[in-house]
1. Considering each of Ala217, Ala174 in turn, give the residue that is away from ligand 2 (no atom under 14 Å from the Cβ) and closer than 22 Å to Glu27 by Cα.
2. Residue by residue through region 6-23, note down the ones that are open to solvent by less than 20 Å² (accessible area, probe 1.4 Å) and away from ligand 1 (no atom under 13 Å from the Cβ).
3. May I ask you to list pairs of residues, at least six apart or on different chains, whose Cβ atoms are under 6 Å apart, with the first in region 195-206 being in contact (Cβ under 8 Å) with a residue 60 or more places away in the chain and the second being in a helix (DSSP H, G or I) and near ligand 1 (Cβ under 9 Å from one of its atoms)?
4. Going by the structure shown, is Phe155 within 16 Å of ligand 1 (Cβ to nearest atom), assigned to a helix (DSSP H, G or I) and aromatic (Phe, Trp, Tyr)?
5. So which residues in region 44-74 are out of contact with any Ser or Thr (no Cβ under 6 Å at 6 or more places or on another chain), assigned to a strand (DSSP E or B), buried (at least 17 other Cβ atoms within 10 Å of the Cβ) and aliphatic (A, V, I, L, M)?
6. Quick one: which residue in Asp37, Asp20, Asp88 is among the acidic types (Asp, Glu), in contact with a helix residue (DSSP H, G or I) (Cβ under 6 Å, 6 or more places away or on another chain) and away from ligand 2 (no atom under 12 Å from the Cβ)?
7. Considering only region 189-214, how many residues are within 14 Å of ligand 2 (Cβ to nearest atom) and of a type in the set (Phe, Trp, Tyr)?
8. From the list Ser203, Ser178, which one is of a type in the set (Ser, Thr, Tyr), modelled with pLDDT of 95 or more, more than 23 Å from Thr126 (Cα to Cα) and touching a Ser or Thr at 6+ places or on another chain (Cβ under 8 Å)?
Amino acid sequence: MNVHSPHQSPLIAPSILSADFARLGEELKAITAAGADWIHVDVMDGVFVPNLTFGPPVLQKLRQYSSLPFDVHLMITEPDRHLKAFRDAGADWITVHAEACTHLHRTLQTIRALGAKAGVSLNPATDESPLKYVLDDLDLILIMSVNPGFGGQSFIPATFEKLRRVREMVGNRAIEISVDGGVSPKNSKQLSQAGASVLVAGSAIFNQPDWVKAIVALRAGE
Ligand code: DX5
Ligand code: ZN
């Protein structure tokens, strides 16, 4: 168990990228009933990452299927142009990529001014040190453990080193530290011990026959 975490066991945030897009509402309802803590929504623009998903109109329609916090991960360039639309559509947490923000501090302030929690994500090859200048302006750090764009990729082991450094930097501040990509019961315990307080998982949940068991297995680890 991670003693620094704001909560006892890691929060589980299923990524609906691995859900059935033709039945998203029902899948969202089912994953909520299966014990998810947050709903992780992967927004991709085909420019920042080589894939496309969905935007605010889809999010807004999905809102009625779950009252869990929507953890919206923006893998898009110029995120400032869309922050209000995502907030209006029902995003509770809005995470931008450090690599996509010229004025990260301003972007985080805008997210908070909209009444949402502000997150910053780092690609696997991005150093964490600039975050020390915005620690008072963010609520979540999302460490990518795969190159963003697709579900079902292999976990990059160097994530552990970055995660430990980020946990040290954050200390006891009320900042969630989330890990996204290739998370499974095989690495979930080690991740929470290294400082993760939120675990995002797509294929390790949606590709399993029993979602309740899959979420319990992620929380407990192997
Ligand atoms: C990747 C996304 C992840 C993805 C994780 O670009 O940010 O949220 O859905 O999927 P898995 O858990 O299958 O690696
Ligand atoms: Zn994500």
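The values are calculated or read from the model by the stated rules, or taken from the named source; none is laboratory data. The structure displayed is predicted, hence computed values, not measured ones. Using ideal geometry, Cβ is built from the backbone for each residue, glycine included, and neighbour counts are taken over all protein chains shown. Surface areas here come from the heavy atoms of the whole protein model, side chains and all, with no ligands, DNA or RNA. Shrake-Rupley method; radii C 1.70, N 1.55, O 1.52, S 1.80 Å.
1. Details: Ala174 fails: closer than 22 Å to Glu27 by Cα.
That would be Ala217, the only listed residue that is away from ligand 2 (no atom under 14 Å from the Cβ) and closer than 22 Å to Glu27 by Cα.
2. Looking only at region 6-23, we keep the residues that are open to solvent by less than 20 Å² (accessible area, probe 1.4 Å), and these are 10, 12-16, 19.
The answer is Pro10, and nothing else.
3. Filtered contacts from region 195-206: Gly202/Leu17; Gly202/Ser18; Ser203/Ser18; Phe206/Ser18.
4. On the way: within 16 Å of ligand 1 (Cβ to nearest atom): yes; assigned to a helix (DSSP H, G or I): no; aromatic (Phe, Trp, Tyr): yes.
Answer is no for this residue.
5. Hits for region 44-74 are Val72, Leu74.
6. On the way: Asp37 fails: in contact with a helix residue (DSSP H, G or I) (Cβ under 6 Å, 6 or more places away or on another chain); Asp88 fails: in contact with a helix residue (DSSP H, G or I) (Cβ under 6 Å, 6 or more places away or on another chain).
Testing whether each residue is among the acidic types (Asp, Glu), in contact with a helix residue (DSSP H, G or I) (Cβ under 6 Å, 6 or more places away or on another chain) and away from ligand 2 (no atom under 12 Å from the Cβ) leaves just Asp20.
7. The number of residues fulfilling the criteria is 1.
8. Values: Ser178 fails: more than 23 Å from Thr126 (Cα to Cα).
Testing whether each residue is of a type in the set (Ser, Thr, Tyr), modelled with pLDDT of 95 or more, more than 23 Å from Thr126 (Cα to Cα) and touching a Ser or Thr at 6+ places or on another chain (Cβ under 8 Å) leaves just Ser203.
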